[in-house]
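To start, the structure itself, in structure tokens.
The values are calculated or read from the model by the stated rules, or taken from the named source; none is laboratory data. None of these values were measured; they are calculated from a predicted model. Cβ placement follows ideal geometry from the backbone for every residue including glycine, while neighbour counts extend to all protein chains displayed. The area values use the complete protein model at the heavy-atom level, side chains included, leaving out ligands, DNA and RNA. Shrake-Rupley method; radii C 1.70, N 1.55, O 1.52, S 1.80 Å.
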Amino acid sequence: MEHIVIIGNGVSGITCARHIRKHDSQKKITVISGETEHFYARTALMYIYMGHMKYEHTKPYEDRFWEKNRIELVFNNVSKVDTQNKKLSLSDGYTISYDKLVIATGSKTNFYNWPGQDLKGVQGLYNIEDLQTMEENTAGIKNAVVVGGGLIGIELAEMLLSRNLHVTFLVREKRYWSNILSKEEANMIERHMREHHIDLILETELKEIRGTNGKVSSIVTTSGEEIQCEFVGISTGVSPNISFLNGSNIETDKGVLVDRYFQTNTEDVYAIGDCAQFRQAIPGRKALEQVWYTGRMQGQVLAQTLCNNTTEYNPGPWFNSAKFLDIEYQNYGMLPAEATNDIEMFYWEHSSGKIAFRAGFEKATGKLIGINSFGFRLRHELFDRWLTGGRNIDEVMEHLADANFDPEFYRKYEADIINAYNKQFNKNIKAKKRSWSRIFQNMKRQEHASK
């Protein structure tokens, strides 16, 4: 009986285990993790802290699911990987043999050796243990500092605001999330943060964390300013959690290096999720894909290969979604923050300052390369097809109403967006009325293609 061992019980590893069992009833499956005894939805951590959910609500499967599907869960940490003998050494001294190994150990918060970073009250937020620590560290305090921009930073800030804490947000760049958002988009989100009483300080870096009796009492910035606080949330990015592979012959860079089939340089060893790094990035995507949905897709694809149906990872155009407090955000395609010599940008913002739309397209051909939307929802299926098919920006504007995914009686913005587009580029695009028959036909086409 072939034994597949998966290190890590996040969405990548558990999706892989589920789909192996779905396709093969005979293989022995073992999942090893020292994080929690069961899989949980990592994306729900902030909602537990804010009181919208309880931990038990984040467990997608009942406890009997694992025994019923004969997936063995081992609550332990792997300390060493011996690929020559196909054995794993665990932190308690035990060993486990495998026939095929899947590394799905996720990421960890980046720390940069700041003086005082080991004080109580300094932490990142990645797993359930971090959440429990955050509950302890923020109990009864008044002031908090969040270090580093991006999506983790804004989530931390929102969590702390829910406890009525004063939040100072340090961002070293000239604007928030400057490698993703345009100047106009960043300005909108920065205004929104300040309206929610976040003390946002740009072009400022953390220099030192000071403490009293082993606990945080203040931080000092590189400009010499001292800010009083009892909690420091670190959101300076994450990096693959692969230090336990040191000394093995598994090739790594930032992450575990893999091909499009998630195969490493070592036979019968694979890697998926946050810790996997493609040797060659898929065109239009990143070499490291550290978001929830890609981890799920990768687990599902690898399961096919492990069940003798060799399958290449082909995820289609990049997409992501998030929230900036109460402004919903969607991104389709790899959209740069600014226009380039080859890429033109269109930007529209509603007078409320809470709703916006940005599209990038090739100057020479008009081919759409990506969009950002804020404050209203757009259909993933349509933009996936438009990007894959190389749709022209004029056609996208013409049929923009078909992409709207807001509820029926929400206000629509397509007419205003198209008018702004016509004005910026001296066009005369007319909006096509929303065609439900066309939408349903597209939905049926996609449903048929997925079968």
Worksheet entry | Pair list, Cβ < 8 Å and 6+ apart or interchain, from region 396-416 residues that are under 13 Å from S373 (Cβ atoms) to residues that are open to solvent by 50 Å² or more (accessible area, probe 1.4 Å) and of a type in the set (A, V, I, L, M, F, W, C) | L400/A431; E414/A431
Fill in: Search result, residues across region 112-147 that are of a type in the set (G, A, S) and part of a loop (DSSP other than H, G, I, E, B)
G116, G121, G124, A139, G140
Item to complete: Would you mind stating whether F65 is surrounded by fewer than 18 Cβ atoms within 10 Å (Cβ to Cβ), hydrophobic (A, V, I, L, M, F, W, C) and modelled with pLDDT of 95 or more?
Response: no
Discussion item. So for region 189-209 (the condition being modelled with pLDDT under 95, within 22 Å of the chain's Cα centre (by Cα) and either of a type in the set (G, A, S) or under 30 Å from Y347 (Cβ atoms) (or both)), does at least one residue qualify?
Written reply: no
Worksheet item: Within region 98-122, which residues are at positive phi and of a type in the set (S, T, N, Q)?
Response: N113
Worksheet item: Of everything in region 86-118 that's surrounded by fewer than 20 Cβ atoms within 10 Å (Cβ to Cβ) and among the aliphatic types (A, V, I, L, M), which residue is farthest from A303 (Cα to Cα)?
Response: L90
Worksheet item: Which fully enclosed strands (runs of 3 or more DSSP E) of region 40-109 have 2 or more residues being farther than 28 Å from L151 by Cα?
Response: 71-75, 78-82, 87-90, 95-97, 100-103
Discussion item. Looking at (1) touching a Leu at 6+ places or on another chain (Cβ under 7 Å); (2) over 22 Å from E158 (Cα atoms), which one does M193 not meet, given that it meets all the others?
Written reply: (2)
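Each row is one residue, and each column tells you yes or no for (1) surrounded by 20 or more Cβ atoms within 10 Å (Cβ to Cβ); (2) assigned to a loop (DSSP other than H, G, I, E, B); (3) at pLDDT 95 or above.
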{"position": "S351", "(1), (2), (3)": "no, yes, yes"}
{"position": "F361", "(1), (2), (3)": "yes, no, yes"}
{"position": "T365", "(1), (2), (3)": "no, yes, yes"}
{"position": "I371", "(1), (2), (3)": "yes, no, yes"}
{"position": "M397", "(1), (2), (3)": "yes, no, yes"}
{"position": "I439", "(1), (2), (3)": "no, no, no"}
{"position": "N442", "(1), (2), (3)": "no, no, no"}
Discussion item. Restricting to region 285-311, give me the number of residues that are in contact with a helix residue (DSSP H, G or I) (Cβ under 6 Å, 6 or more places away or on another chain), aliphatic (A, V, I, L, M) and either open to solvent by 70 Å² or more (accessible area, probe 1.4 Å) or within 25 Å of Y126 (Cα to Cα) (or both).
Written reply: 1
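This table checks each residue for (1) open to solvent by 50 Å² or more (accessible area, probe 1.4 Å); (2) part of a loop (DSSP other than H, G, I, E, B).
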| residue | (1), (2) |
| --- | --- |
| I250 | no, yes |
| L257 | no, no |
| P283 | yes, yes |
| Y313 | no, yes |
| K323 | yes, no |
